[in-house]
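Here the structure comes first, spelled out in structure tokens, and everything after it is commentary.
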Amino acid sequence: MPAAITRRDDGLLVEWNREGDRRFYPARLLRLACPCAECVEEMSGRPLLDPARVPQDIRPLRIDLVGGYGLRVSWSDGHNTGIFTFERLRGMQ
């Protein structure tokens, strides 16, 4: 579990530990990586989300912890069903 998570209009800043291991996740890139069933075909993993439908100025409005394993982000485009596990976030380049 991260030491701190900061919501910013341009994305999320995650401090993975107090020793300075931190990563910034730009809002649009994170939104395009949403793993929910509306954005990714469940059986094949094929992307369903059309990037042209995601505004360039999308921003996270709210973040909520999901158990001790991930985050749910409520986006300015009304989407809020994806859960980003901490493992998934750590693996994102």
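The values are calculated or read from the model by the stated rules, or taken from the named source; none is laboratory data. The shown structure was predicted, so the numbers you read here are calculated from the model rather than taken from an experiment. Neighbour counts are summed over all protein chains in view; Cβ atoms, including those assigned to glycine, are modelled from backbone coordinates with ideal geometry. The accessibility values were calculated without ligands, DNA or RNA, using every heavy atom of the protein model including side chains. Shrake-Rupley method; radii C 1.70, N 1.55, O 1.52, S 1.80 Å.
General remarks:
- Calculated [θ] (222 nm, deg cm²/dmol) that DSSP helices of n ≥ 4 give over the chain, each run adding -39,500 (n - 2.57): -3000 deg cm²/dmol
- Restricting the chain to GluC sites (Glu not before Pro) in coil, as DSSP defines it, with at most 16 other Cβ within 10 Å: 19, 38, 41, 42
- Projected label distance in nm at residue 15 and residue 63, using a 7 Å step from Cα toward the beta-carbon: 1.2
- Trypsin sites (Lys or Arg not before Pro) restricted to region 9-93 and DSSP loop, no more than 13 other C-beta within 10 Å: 18
- Portion, in percent, of the accessible area of the chain that falls on carbon or sulfur, probe 1.4 Å: 47
- Left without a cysteine partner by the 4.7 Å Cβ rule in the chain: 36.
- Shown here: Cα extents along the principal axes in Å, derived from the displayed model; of the candidates [x] 92, 41, 20; [y] 47, 24, 21; [z] 38, 29, 23, it corresponds to [z].
- Between region 1-72 and region 73-93, the Cα center-to-center distance that results, in Å: 3
- Using C-alpha pairs below 8 Å separated by at least 6 residues, the relative contact order for region 30-93 is 26 percent.
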